[in-house]
Amino acid sequence: MSKENNILVCDDDETLCYLLKEQLLEEKKFAVQTVYDGNDAIKAVKSKNYDVLLLDLNMNEISGEDVLKFVSGYNPSLQVIILTAQSDTKKAFECSKKGAYAYITKPYDFNDLLLTVNRAIEHKNLLVKATFLEEQVNKNIENKIIGTSKEIQKIITLANKSAQSESNVLIEGETGTGKELLAEYVHRHSQRSEKPFVVINCASLPDQLIESELFGHEKGAFTDAKSSKQGLVEIADGGTLFLDEIGEMSVTLQPKLLRFLESGEYRRIGGVSNLTSDVRVIGATNKNLLEETESKNFRRDLLFRLNVITLTLPPLRERKEDILLLANHFLEIKSPIRSPKRLSPESEELLTKYNFPGNVRELDHIIERAVIFASEETIKPGDLNLPTANKMEQVSNKNEENTIILTMADMEKSHIVKALNFYGWDRTKTAYKLGISIKTLYSKIKRYSLTQ
């Protein structure tokens, strides 16, 4: 997708503004707006996401320095280039220390100015990419979909076709099937691939925090809002916004998301101006959203906006031929470089017969655990710690003899305690490994009165 870069020119010299706008428009890659005072510049920045602001320092009422101060707090990713007279270079240099990308003296050489503008845009893009590349590295997300089964190959084909469109996508599938991985695959194969892929989990934060994360907020909008904050829809401009567990989004926030999907417009919390952002939205859910609309938990019109294209990921039990491919892939990643581990034939057979209720994520965790606890280079069936048929039969017989039957709640409590202990009570990692939200984990801890 070819996207024009938005340039705002602010100078009280209307002739200079007109000339500069015409010169920039001739480049065929910029959308240019001009304003003639600082007050109008601030209004413009509030109403649209600009890439570069060409800013004069000396203006009536509100100076360029005041505009720069506002921009630094309101939209830190907006690159400001100071336009200044030769006599004001010292002041312009001070502005560079306060957040301006560069300064250019008047009368300017257009080729030099164009070069600076292009570099400022590259700088902005690198800053945005660096932020989200770091996030992706920390989350250890793989960009490759593993599998040769007919079911997964069909999904890849559909994903490639979906990537070439601009339509919103809804990804359905059980917990642990790899919905975020598929969403990123669609993004990486789309024309938006050079722009950010931004992720938010709709079940992990309270309503107000989710709204603030999505749409941003103004300084003073609520108690802890000590400064203005850009929302993820603003940061993702030109790219893809992935709404994970969208079925958990509250009914109070759903109308605001629907409005954004329909018009591309939104408001920061506490804001009075409409902003716009060009993003493609991909949602994911492990719920049946049609059933959720019947029970009034999800808006029908929002569902129809989201599922223009629907991709349904099959559970791992329906793609048995991919199990060993995935297992060896995880082994390659998680095994120590100097002493790589491999699966024994018996372990391979055991894995292919297991049903994997937790899907690919469960397989990942099983392999990670086996790598840690296997005492030899070969991972044996006992290292996998799977509930085999023999073990289940032994437990069943023992229960019959002692007339003891564990309830589902007891089993859930025991499993959560084991997971928490295994990860040192790191609630964030434990929730991720269990395939549930942090909010759900905290409610389980409270329900079962669990303590460290």
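Nothing in this text is a laboratory measurement; each read-out follows from the coordinates by a stated rule. What you see is a predicted model; the values in this text were computed from it and never measured. Neighbour counts are summed over all protein chains in view; Cβ atoms, including those assigned to glycine, are modelled from backbone coordinates with ideal geometry.
Sort Ser347, Ser339, Ser72, Ser77 so that the residue with the fewest other Cβ atoms within 10 Å of its own Cβ comes first and the one with the most comes last.
Numbers: Ser347 22, Ser339 8, Ser72 15, Ser77 18.
Final ranking by Cβ density, sparse to dense: Ser339, Ser72, Ser77, Ser347.
Of Lys46/Lys98; Lys418/Lys439; Lys413/Lys439; Lys229/Lys287, which sit over 24 Å apart, Cα to Cα? Write out the running numbers ahead of the final one.
Working: Lys46/Lys98 20 Å; Lys418/Lys439 19 Å; Lys413/Lys439 16 Å; Lys229/Lys287 32 Å.
Among Lys46/Lys98; Lys418/Lys439; Lys413/Lys439; Lys229/Lys287, the Cα-Cα distance tops 24 Å for Lys229/Lys287.
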Exercise for review: Step through the residues of the stretch 297-306 one at a time and calculate ³J(HN,Hα) from phi using the Karplus curve (6.51 cos²θ - 1.76 cosθ + 1.60, θ = phi - 60°), rounding each to whole Hz and writing x for Gly and Pro.
Suggested key: 8, 8, 6, 5, 5, 5, 4, 5, 6, 7
Point to revise | Cross-link reach list, aspartates and glutamates versus Lys97, counting only Cα pairs under 19 Å and skipping chain neighbours closer than eight places | key: Asp56, Glu65, Asp66, Asp88
Review point. If you project the alpha carbons of the chain onto the principal axes, what extent comes out on each, in Å, largest first?
Key: 93, 47, 42
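What shape does the stretch 5-133 take by its C-alpha gyration tensor, where a ≥ b ≥ c are the square roots of the eigenvalues and a/c under 1.5 counts as rounded, a/b above b/c as prolate, and the rest as oblate? Present the calculation step by step, with values, prior to reporting the outcome.
On the way: a/c = 1.31, a/b = 1.15, b/c = 1.14.
Verdict is rounded for the stretch 5-133.
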Practice item. Mind computing the radius of gyration and Dmax over the alpha-carbon atoms of the stretch 243-370? Å is fine for both. Key: 21.1, 65
Point to revise | With Cα atoms, 0 to 90° folded angle of helix 389-402 axis to the chain main axis | key: 60
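Using a/c under 1.5 as the rounded threshold, could you call the stretch 62-119 rounded, prolate or oblate? The axes a ≥ b ≥ c are square roots of the C-alpha gyration tensor eigenvalues, and prolate needs a/b larger than b/c, oblate otherwise. Mind showing how you got there, number by number?
Values: a/c = 2.22, a/b = 1.29, b/c = 1.72.
Oblate, because a/c is 1.5 or more while a/b does not exceed b/c.
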Exercise for review: Could you list the residues of the stretch 262-291 with an amide nitrogen less than 16 Å from a label point located 7 Å from the Cα of Thr440 in the Cα-to-C-beta direction?
Suggested key: 284-289
Review point. If we count other beta carbons within 10 Å of each Cβ, what is the order of Ser149, Ser277, fewest first?
Key: Ser149, Ser277
Check your understanding: What fraction, in whole percent, of alpha-carbon pairs in the stretch 406-447 exceed 11 Å separation?
Key -> 61
Check your understanding: Can you give the angle from 0 to 90° between the axis of helix 179-188 and the longest principal axis of the chain, with both taken from C-alpha atoms, to the nearest 10?
Key -> 40
Exercise for review: Mind checking the stretch 174-265 for trypsin sites (Lys or Arg not before Pro) that DSSP puts in a loop (not H, G, I, E or B) and that have at most 16 other Cβ atoms within 10 Å?
Suggested key: Lys219, Lys226
Review point. Taking the Cα centre of the chain as the origin and placing charges on Cβ (Lys, Arg +1; Asp, Glu -1), which of Gly283, Gly178, Gly99 is farthest toward the positive end of the dipole?
Key: Gly178
Study note, to complete from the structure: Extension length gain for Lys256 and Glu194 (0.36 nm per residue less Cα distance), in nm, is 19.6 nm
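Give me the number: length gained by fully extending Lys418 to Leu126, i.e. 0.36 nm times residue separation minus the C-alpha to C-alpha distance, one decimal in nm.
Gain on extension, Lys418 to Leu126, equals 100.9 nm.
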Review point. Once the Cα atoms of helix 14-25 and of the chain are each reduced to a long axis, what angle between those two axes, in degrees from 0 to 90 to the nearest 10, is obtained?
Key: 40
